[in-house]
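Heads up: the structure comes next, in structure tokens.
The values are calculated or read from the model by the stated rules, or taken from the named source; none is laboratory data. Owing to the predicted nature of the structure, the values given are computational and were not obtained by experimental measurement. With ideal geometry, Cβ positions are generated from the backbone for all residues, glycine too; neighbour counts draw on all protein chains shown. Please note that ligands, DNA and RNA were not included when accessible areas were found on the heavy atoms of the full protein model with its side chains. Shrake-Rupley method; radii C 1.70, N 1.55, O 1.52, S 1.80 Å.
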Amino acid sequence: MSHNASLSFEVFPPKKEEEFENIFDFLRAAAKLHPDFISCTYGAGGSRAGKTIEIASFIQKELGIDAIAHITCVGFTHADLEKNCEALTAAGVNHVLALRGDRPQHMTDEQFNSREFFYATDLVRHLKEHTSLQISGACYPEKHFEAPSLEEDLIHLKEKVDAGVSSLVTQMFFDNTCFYRFIELVRAKGITVPIHAGIMPITTAKQLGTTVSLSGSSVPKELADLIATYGENKEDMRKAGIDYAVRQIQDLREHGVDGIHIYSMNKLKTTTEICALI
Ligand code: FAD
């Protein structure tokens, strides 16, 4: 069994101002689980960018844990990006997850088709040329929803990595065989950077209709059955979801995964329980 897999968490800036302080409590407690890094998401279209930087700065400077600030470029001009990079540097954050982002609802076809950064690769190239930031990127074991095929998605993934990405974090997946097949194809393409497997604990039935359906990840029968059995009972569902995530992680570690990246959803109890069991 490989015990060398790294452990990391993803958090998001809470939407409500009154919940904002809770994230710092979560992070202080999560630090005790000794993650190798913690990443913080970026609001779609760049809303609340300052919050991402504030949280990443806290992780880096106050907790002394490597912080990765997510950054999207879909609605960005070069000037916006420059401002954002200056803010990151001033906040002591030197690692980003460079993303294209999804098209914001308010963006017209004309704006979308004439955007300054077309793909994450364009952002990576720009960051590489103009900053000294360390750059990670996203990847999709079951292909990105816009890609006509996994093969085509992998061609663009290789371009992204060659542009200067030093590690990848995957979209959530629930079927490890999809991940193993993906890793084989990625390595065959000559992509050698570490790949952190994104694990989303499914602790409520509602998540299936929201987060999971948005991700485009397939739901194996075992997970669907589990939700059908326990979905109505809050605590049983939480326990069953944790058990599923733990088994997924154990199997990934046995297969020598580079890293486990837990989509914590800012939930301390669930994250702590998973870490105690893996
Ligand atoms: P890209 O790598 O640019 O790929 C997008 C699509 O374009 C793919 O289908 C790819 O195959 C295709 N493509 C790439 N290059 C070319 C080319 N040259 N020609 C033709 N097609 C091309 N969103 C947020 O808003 N905030 C977040 O914090 C956030 N965090 C995320 C974290 C992870 C780990 C993941 C997996 C996703 C995250 N997302 C986030 C969602 C992400 O922004 C969307 O999935 C978005 O649609 C794609 O972003 P990307 O960086 O993967 O895009």
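Miscellaneous remarks
- Student exercise, the stretch 79-230 dipole from Lys, Arg, Asp, Glu Cβ charges, in Debye to nearest 20: 340 debye
- Solvent-accessible surface of the stretch 120-272, averaged per residue with a 1.4 angstrom probe and all protein chains in place: 46 square angstrom.
- MRE, 222 nm, helices only [DSSP H, n ≥ 4, -39500 (n - 2.57), over the chain, to nearest 500]: -13000 deg cm²/dmol
- Under 15 Å of direct C-alpha separation, and excluding same-chain neighbours fewer than eight residues apart, LYS221 reaches these aspartates and glutamates: ASP175.
- Alpha-carbon centroid distance for the pair the stretch 134-182 / the stretch 1-62, whole angstrom: 22 Å
- Accessible carbon and sulfur surface of the chain relative to its total accessible area, %, 1.4 Å: 52 percent
- The chain - share of DSSP beta bridges that are antiparallel (%, nearest 5): 0 percent
- Candidates LEU150, LEU252, LEU99, ranked by Gaussian network fluctuation over the chain, Cα under 10 Å, top entry: LEU150
- For the stretch 39-181: relative contact order, % (alpha-carbon pairs under 8 angstrom, 6 or more apart): 21 percent
- The stretch 195-225-the stretch 238-259 distance, computed between alpha-carbon centres (Å): 13 Å
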